[in-house]
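Some notes on the structure that comes next.
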Amino acid sequence: MTERTGASNAANIASHAAGCIPARISPKPCVARANPLGVDANPWVHWMRIARRHVSAKSESSPQDVSSNALGVEARRTYSGASSSLAATDDDDDDDDADADSVLVDDDARRPARDDRTPPPRAFRRAARFAATRDARTDAHRRANMANEARRVTFSKRRKVRTTRPDDPHTSTRSSSTTEGMATKTRAPAVGFLGLGIMGAAMARTLARSGVRVAAWNRSSDKAKACVDAFEREDRALAEERGGSIATVGCPSEIAGTCEVTFAMLADPRAAVDVARAYASGLDGAGGGGTKRTYVDCSTVDGGCGESTMDILGRDRVQFLAAPVSGGWRDAAKGELLFIGGGSREAYEAASKHMDVMGAKRWLVGDTPTHAARAKLMLQIMMGNVIGALGEMHSLSQRAGLDSSAVLEMLSHSAMGSPLTTAKGKLMESKDFSPNFQVYLQQKDLRLALQLADELDFAAPITAATNAQYLKAKSLGYANSDFAAVAAAYTDARSPGRSE
Ligand code: NAP
């Protein structure tokens, strides 16, 4: 047997030990195989290359059952039969656990070529270990991918596929790729949540249920406790399976210190600014390894509030996104909110995967918070006026001696009817004003819309009249009732407009 034949056989043996090719002693000298390093090249490098080629060809079909120890033993045993000049010792094993590539480059490749090209046993073990490591990694990778995919499929709740105009660069629907990270059990940084009111609590719980660790804060501790209690009762089992949780903290500054991405869901501009200030006080000395914090304010506010918040947070240390939402707490619980984003593209991207958990659709409508705030207020003009008009219709139909429930039914079958008018009509009929979206919030939205119209010298008489009705409902004690209670502004015995 020539020296080169011995080298070739060594590679064969090592590869066979990895379960890659049938063991055979090549009758041909190794020089017959393509060796880009030429005849003077280091033979250790050459063996490794060959072993590697065989392993990669085989790893797709049989990555399992590879044990590096077994391989080493098998390689030694087999080679001993072929070359009595080799004596393997276990003492050499110590340094063989290093990455095979680095062994190849840092050690053997730099070793001067020997005159005697008889392969030492160490090279076999390395080639065999390399094969084992590589196969084991491939297998682990594949198993991890399958597990992630299984979790993703499990989580896929009723998803409505909504159409997106393909020519609109600011529009994107939730795609499967955007949900990839949410079900992983790896310890991703916690996400901050400020404000656990009706909306905030539902959003934070949805995030946690999807596998996110949520660090949450609320001004009054009873609502924070109610949120955690509901989470424990209803979501905990599912959340834990995915690595999610909700833990409350004592102040917003703690969240600034620990969370890279934070969402806020607060009542109005004053609350949004106050809480942002408290959060910002925790930014000094906050870690993050140079990563900018991302702060996403989902509250319905005006553009000026968003700009102030950016100043308070510091434009150089926090990337800010205004992302008011459309949809109620039920949509938040189902992950079907609509996010209207305004701010930096970086902040939008950083928040996207979490918005996709809580929402069905998102837009980046402009590069300032003002863009988002104004777009959201347009929707609120419609909402306030529609429900204001519904309250008026419902109250007048009763005054006229009509069957108001029959009128509501006609409405729901007509072109003017909608899921919103049907749902709120029922609440008006039953006088069930337990809060979903409260009167004080709808009135705040109309106030902000009227301020905007005023700034722009734009007359908005219909909205102004509707706003007066919500103000009246508030003054009658319905501030914290569902905004269907605007109907009560027409019929409440204390209402100045009501004549018996
Ligand atoms: P909510 O139940 O009344 O909750 C308001 C939250 O703001 C609570 O966490 C409250 O804390 C906090 N807050 C109020 N003033 C504060 C202050 N000065 N400092 C610190 N925190 C303060 O209202 P929501 O329904 O969740 O609505 C939140 C936001 O989402 C509003 O901007 C609303 O317009 C918008 N929105 C609501 C809906 C809906 O259907 N409800 C839908 C879309 C958008 P406390 O618990 O301590 O009072």
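The values are calculated or read from the model by the stated rules, or taken from the named source; none is laboratory data. All values reported here derive from a predicted model rather than from experimental measurement. Cβ placement follows ideal geometry from the backbone for every residue including glycine, while neighbour counts extend to all protein chains displayed. The accessibility values were calculated without ligands, DNA or RNA, using every heavy atom of the protein model including side chains. Shrake-Rupley method; radii C 1.70, N 1.55, O 1.52, S 1.80 Å.
Please count how many residues of region 439-473 are within 19 Å of residue 389 (Cβ to Cβ), within 14 Å of the ligand (Cβ to nearest atom) and open to solvent by less than 70 Å² (accessible area, probe 1.4 Å).
Selection size over region 439-473: 8.
Is it fair to say residue 237 is assigned by TED's automatic domain parsing to the domain that holds residue 359, open to solvent by 60 Å² or more (accessible area, probe 1.4 Å), more than 22 Å from residue 337 (Cα to Cα) and more than 14 Å from the ligand (Cβ to nearest atom)?
yes
Could you pull out the residue among 291, 309 that is within 16 Å of the ligand (Cβ to nearest atom), touching an Asp or Glu at 6+ places or on another chain (Cβ under 8 Å) and not hydrophobic (A, V, I, L, M, F, W, C)?
Testing whether each residue is within 16 Å of the ligand (Cβ to nearest atom), touching an Asp or Glu at 6+ places or on another chain (Cβ under 8 Å) and not hydrophobic (A, V, I, L, M, F, W, C) leaves just 309.
Taking region 281-302 as the search range and keeping residues that are among the small types (Gly, Ala, Ser) and open to solvent by 10 Å² or more (accessible area, probe 1.4 Å), which one is modelled with the lowest pLDDT?
Looking at the filtered set, the residue picked out is 288.
Pull out all pairs, ordered by first then second residue, where Cβ-Cβ is under 7 Å, the residues are six or more apart or on different chains, the first lies in region 409-433 and is assigned by TED's automatic domain parsing to the domain that holds residue 486, and the second is surrounded by fewer than 19 Cβ atoms within 10 Å (Cβ to Cβ) and assigned to a loop (DSSP other than H, G, I, E, B).
So the pair list comes out as 411/417.
Answer yes if at least one residue in region 201-217 is of a type in the set (D, E, K, R), within 25 Å of residue 341 (Cα to Cα), crowded, with 19+ Cβ neighbours inside 10 Å and in the same structural domain as residue 335 (by TED's automatic domain parsing), and no otherwise.
Yes, there is a match, as at least one residue in region 201-217 is of a type in the set (D, E, K, R), within 25 Å of residue 341 (Cα to Cα), crowded, with 19+ Cβ neighbours inside 10 Å and in the same structural domain as residue 335 (by TED's automatic domain parsing).
State the number of residues belonging to region 380-428 that are closer than 13 Å to residue 469 by Cβ, polar (S, T, N, Q) and surrounded by fewer than 20 Cβ atoms within 10 Å (Cβ to Cβ).
Residues that pass the stated criteria total 1.
Among the residues that make up region 342-356, is at least one of them modelled with pLDDT of 95 or more, farther than 20 Å from residue 450 by Cβ and in contact with a Pro (Cβ under 8 Å, 6 or more places away or on another chain)?
yes
Which residue is farthest from the ligand (Cβ to nearest atom), if the candidates are limited to region 242-280 and must be in a helix (DSSP H, G or I) and open to solvent by 40 Å² or more (accessible area, probe 1.4 Å)?
Only one residue tops the list, namely 258.
From 414, 418, which residue is hydroxyl-bearing (Ser, Thr, Tyr) and more than 36 Å from the chain's Cα centre (by Cα)?
414
Name the pairs: first residue in region 245-256 and closer than 16 Å to residue 277 by Cβ, second residue of a type in the set (Lys, Arg), Cβ to Cβ under 7 Å, at least 6 apart or on different chains?
Close Cβ pairs satisfying both conditions: 256/293.
Six or more apart or on different chains, Cβ atoms under 8 Å: show the pairs whose first residue is in region 336-347 and at negative phi and within 14 Å of the ligand (Cβ to nearest atom) and whose second is modelled with pLDDT under 95 and open to solvent by 40 Å² or more (accessible area, probe 1.4 Å).
Taking only residues 6 or more apart or on different chains, the pairs are 336/160.
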